[in-house]
Structures are given as structure tokens and as C-alpha cells.
Amino acid sequence: MSPMQGELKIISGSANTKLAEDICEHLGTRLCPMLREQFSDGEIRIEIGDNVRGDDVFIIQPTCTPVNFHLMELCIMLDALKRASANRVTAVVPYYGYARQDRKVAPRAPITAKLVADCLTTAGMNRIVTIDLHAGQIQGFFNCPVDNLYAAPALLDHLKKYEEDLVIISPDAGGVERARAFAKHLGAGLAIIDKRRDKPNQAQAMHVIGDVKDKVAIIIDDMIDTAGTMCAGANVLLENGAKEVMACATHPVLSGPAIQRLEESVFTKVFVTDTIPLREEARSCSKIQVVSVASLLAKAINNVHTESSVSVLFV
């Protein structure tokens, strides 16, 4: 431990306490006690239960559904720690909400991913650790160190048993780099689904670029939201001769009709991580298999705290 950083402290927001507890177990520590209440009008009240003066504090809080509530809760915790004289406060945000709004796509539109970065910095964040940002350039929105980890190491361990006749699928042109990295580590082929997006959360897959005939096809993406793109892509892969289709995504947003679509889809398995906690309906879905990133985040937290390299965790 660097003497300048003080004692390691872990605090959890309400978004994913199970992940925070698992991280603490890997680190051999405990969560800091914290009073968290809501007033009758919905306002959030936070009070840190431990002395954190001069300490190195990490807040575990994905900004998942309800996004605005969890984002506000994170900002309030950051402000509380700043006013309590913590030496350094790192926000561990496994899923960074609003990441898809990273550029202007129409006149008079905001760049909300940048706005969120400014809010967190103003609230008192000194560093951020996240996993699989929707767009890597979002790191440039922050005026503080950013560790954008990859869930690939955890996911690859579960995909290696499918190496024979395996082809990795990018669901669109933007995901080719991610899919190529998976294909390289698995020694698998690579294919791309060409799609046309008509409106937000709706996409129509058109055709496959690459050979998938008689192969086990695994669609790789950073998140599954409504699952429309995933399921349409799976149907096209089967039509092109794939013998089995699976999906693999870091963030299980799973909004709207996602669970029903996955249950009725041709997928045999859907691998996701625990960056976002699954709601009850998702946990009961027979096709979804959760891979934990607690160990990855624990190593990142330990390396940041001890001033060691975080890049050794990258694939």
C-alpha cells in the first residue's frame, strides 16, 4: 500500500451490492457501513458510517436501471466522501449509463455521456474504473484517469470449450474490433452481420459477411438491451447454415421485451456478466448464464490502490 493513499475502503451503492460483496471477498476486506435512505418525496439521504479521512475509497455503483436514481446516488456518495476528506475517491462503474449518447446524431442534441462525466468529476470523483465502454473514445470525456477494463478474460474461459468449428460474429461493423479480439484468442473464424437500423432499439439484420456454414456461431457485443438486434442476427445465422448460435455480451441491460425475445429465440446459450444485476425474470431465463467480473474488478482495485499497473489486466 502506498502510504500517501491511506487505507483501502470499499463502499457500495444500491445498484449492485452483491457484486460489491464479492469484490470485498476477493480483497479480504468488508464494505464500509453506510446509511442510505429516501425521503417521502424521493430525495436520497447518504451518510458514510466509517471515518474515511485520508483514505483511498472505491465506490461500487453501476449506473443501471433506474439509471437516473443510481447516477444521482453515486454523485451524492462522491460528494459525501469529498466533504469527509477522503484522500482519493475512485468510482467503480462496471456499467456506464448514457454511454450510447456519445456524439451528436441530430441538430440540437446533447452529448449526454460527456455531461455524466462532468457531473461525476464535479461531485468529487478522482478516478473511474469501468468495463467495456460502449465507445472507447468516451475515456476522453474525463479529466481524470480512466481504467476501461475488458470483460473478455472472464468470458473467454467459458467459450474455450466451444473452440471446434467456432466462428465469432460481430453484430455490426462497429463491433468488429471486439469480435476480432475474441476470434484471435479462440483461434476462431470471424463474420459480420450487415444490418439496417430503422429507428432506436430496432434493427433489421440483412445478411452475413463471412462463412458460418456448419459452425457454432457466437455473437459478441458489449450489451444486450431489447435483444432485437441479437435475435434477428441469430435467425440470419441459422438461415446461412450455422449449426448452433450463442450470444455473449458484457452488460445485460435486458430492457422491454428482451427476456421474452431471448426465451423464444434460437439461441442455445446467452453469456452475460454481473456488471448489472439480473432482475427476477432474467434470473429465471434458462438460456442466460452469468459470468462474474468480481475477480477482475478486485484485481483492478488492488492495483490502483497499490500503485501497480492496471494494464496487465487487459487481454
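The values are calculated or read from the model by the stated rules, or taken from the named source; none is laboratory data. Please read these numbers as outputs of a predicted model, since none were measured by experiment. For neighbour counting, all protein chains shown are included, and Cβ atoms are generated from backbone atoms with ideal geometry for every residue, glycine included.
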(request) Specify the residue that is nearest to the chain's Cα centre (by Cα); the eligible residues are those in segment 254-312 that are on the phi > 0 side of the Ramachandran plot and without any contact (Cβ under 8 Å) to a residue 60 or more places away in the chain. (result) L254
(message) Being touching a residue at least 24 places away in the same chain (Cβ under 8 Å), more than 21 Å from E239 (Cα to Cα) and either buried (at least 17 other Cβ atoms within 10 Å of the Cβ) or touching a strand residue (DSSP E or B) at 6+ places or on another chain (Cβ under 8 Å) (or both) narrows it down to one residue among L159, L166; which is it?
(response) L159
(request) Kindly check whether there is at least one residue in segment 46-63 that is on the phi > 0 side of the Ramachandran plot and in contact (Cβ under 8 Å) with a residue 40 or more places away in the chain. (result) yes
(message) Filter segment 261-277 down to the residues that are in contact with a strand residue (DSSP E or B) (Cβ under 6 Å, 6 or more places away or on another chain) and under 22 Å from C24 (Cα atoms) and list them by number.
(response) V272, T273, D274, T275, I276
(request) Within segment 37-56, track down each residue that is of a type in the set (A, V, I, L, M, F, W, C), farther than 11 Å from A84 by Cα and part of a strand (DSSP E or B). (result) I44, I46
(message) Out of the residues in segment 23-36 meeting the condition of being under 14 Å from S12 (Cα atoms) and not in a loop (DSSP other than H, G, I, E, B), tell me which one is farthest from the chain's Cα centre (by Cα).
(response) L35
(message) Just to confirm my filter: which helices (runs of 4 or more DSSP H) fall fully inside segment 65-169 and include at least 1 residues that are in the same structural domain as S255 (by the TED database) and either out of contact with any Pro (no Cβ under 6 Å at 6 or more places or on another chain) or polar (S, T, N, Q) (or both)?
(response) 152-159
